[in-house]
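Notes to accompany the following structure.
The values are calculated or read from the model by the stated rules, or taken from the named source; none is laboratory data. Since the structure is predicted, the reported quantities are computational estimates derived from the model, not experimental observations. Don't worry about glycine lacking a Cβ; one is built from the backbone with ideal geometry, like all the others, and counts go over all protein chains shown.
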Amino acid sequence: MARKLNTMTVQRSKRLTDHMVRVFLGGAGFDELELTEDTDMYVKLVFGDPEPADGRPTLRTYTIRAVDREKKEIALDFVVHGDAGLAGPWARSVQPGEEVRFLGPGSGYRPNPEVDWHLLACDEAGLPAVAAALAGMPADAKGTAFIEVAGPADELPLDAPAGIDVTWIHRGVASDELTDDNAGDNAPLVTAVRAAEWPAGRPQVFIHGEAAAVMHNLRRYVRKDRGVPAADASISGYWRRGRTEEGFREWKADLREAEAAAGSAL
Ligand SMILES: Cc1cc2nc3c(=O)[nH]c(=O)nc-3n(C[C@H](O)[C@H](O)[C@H](O)COP(=O)(O)OP(=O)(O)OC[C@H]3O[C@@H](n4cnc5c(N)ncnc54)[C@H](O)[C@@H]3O)c2cc1C
C-alpha cells in the first residue's frame, strides 16, 4: 500500500441509512491518488498526529466505495456503530471543509471475467467493497451475493449484473448490538453461505466482515471444504467485535502466529 500521506477535503456527507453515512472527499489531493482498477481499494485515515513520537499514527481503514473522476471526488461509506470508536462517530458529524489525511490506497481484488461464477458475502463494513465489486463486474457475470445487515431499512440500492442473485439477510439487531447468538459461528451470514448451492465451474470468492465469522468460519469453509485456491479467494476480517482497530491488528497477528505454529495457514 502506498505509504504516502495524502490530504483531501470533505465536500459533503449524506446519511444513507440509520447505520451508514457516505462522506465525499475532494480537492487537490484527488490528483495525487494512485488509483487502480481494483474494486476493493481502501485508505487508512489518520486520526490525530500523523507523526507521533511513538511512530504509530492512529489509523482507521475504509473502502473507496466510488470514484468520480469528473468531479474529482471519492466516496467512503462509514458504518455508524454507536458512540464507540473514532471513525464511526467522526463520520456521523463531519462538516464540509474538514481536511482528511490518509495513507493509500491499497487493494487486492477485482472481479475476474474468466471465472464461471462469483460468491460474495459481507456485513455492513464489507458492503462498500461488495457494492463496488458488483458495480465493476461485466454485465454477463453470474453468481450470488449475501449481505447481512440489521434490517430492511439498511438495504442499499446496488448496481449489480442481472445474473448475480443478491440476498439481503436481516439479523434483527445493529452491528454494535451483536451477541454470541448472532455473531461468529452463529452469524446468519455464515448459515446462508454454507447453505447456498455451489454451482459447477470455477468460482471467485470475495468475503469480508466481522473477523470471527469470516476468519474462523467462512474462510475455512471456502478454502478447505470447497477447495477454492488462494488466488481466487479474497477473504478477510474487516473488524473484530469488542476490539478497536489497534486491538484487531493484534488479534490478526495472533491468528497468523497460531496458524503458522499449527501448520494450518490458509
Ligand atoms: C480493508 C478494509 C476495508 C474496510 N472498509 C470499511 C468501510 O468501507 N466501511 C466501514 O464502515 N468499515 C470498513 N472497515 C472496517 C473499519 O476499519 C473498522 O470497523 C474500524 O474498526 C472502525 O473504526 P472506529 O474508529 O469506528 O472504531 P474502533 O475504534 O476501531 O472500535 C471501537 C469499537 O467499535 C466496534 N466496531 C468497529 N467497527 C464496527 C462495526 N462495523 N460495527 C459494530 N461495531 C464496530 C469495535 O469492535 C470496538 O468495540 C474496513 C476494514 C478493512 C480492513
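Within the set D165, D176, D185, the sole residue that is in the same structural domain as E210 (by TED's automatic domain parsing) and either of a type in the set (K, R) or outside any helix (DSSP H, G or I) (or both) turns out to be D165.
From G227, G247, grab the single residue that is assigned by TED's automatic domain parsing to the domain that holds P128, without any contact (Cβ under 8 Å) to a residue 24 or more places away in the chain and at positive phi. Step by step, each of G227, G247 is checked, and only G227 is assigned by TED's automatic domain parsing to the domain that holds P128, without any contact (Cβ under 8 Å) to a residue 24 or more places away in the chain and at positive phi.
Residues in region 53-69: is at least one of a type in the set (K, R) and closer than 19 Å to I147 by Cβ? Even if it seems obvious, please write down each step before you answer.
Kept after step one, since they are of a type in the set (K, R), are these residues of region 53-69: 56, 60, 65, 69.
Remaining after also requiring closer than 19 Å to I147 by Cβ: 65.
For region 53-69, residues of a type in the set (K, R) and closer than 19 Å to I147 by Cβ: present.
Scan region 156-169 and give yes if some residue there is without any contact (Cβ under 8 Å) to a residue 40 or more places away in the chain, surrounded by 13 or more Cβ atoms within 10 Å (Cβ to Cβ), within 16 Å of the ligand (Cβ to nearest atom) and under 19 Å from the mean Cα position of the chain (by Cα), otherwise no. Looking for residues that are without any contact (Cβ under 8 Å) to a residue 40 or more places away in the chain, surrounded by 13 or more Cβ atoms within 10 Å (Cβ to Cβ), within 16 Å of the ligand (Cβ to nearest atom) and under 19 Å from the mean Cα position of the chain (by Cα), one finds at least one in region 156-169, hence yes. Across region 13-31, the number of residues qualifying as surrounded by 13 or more Cβ atoms within 10 Å (Cβ to Cβ) and under 21 Å from A132 (Cα atoms) comes to 12.
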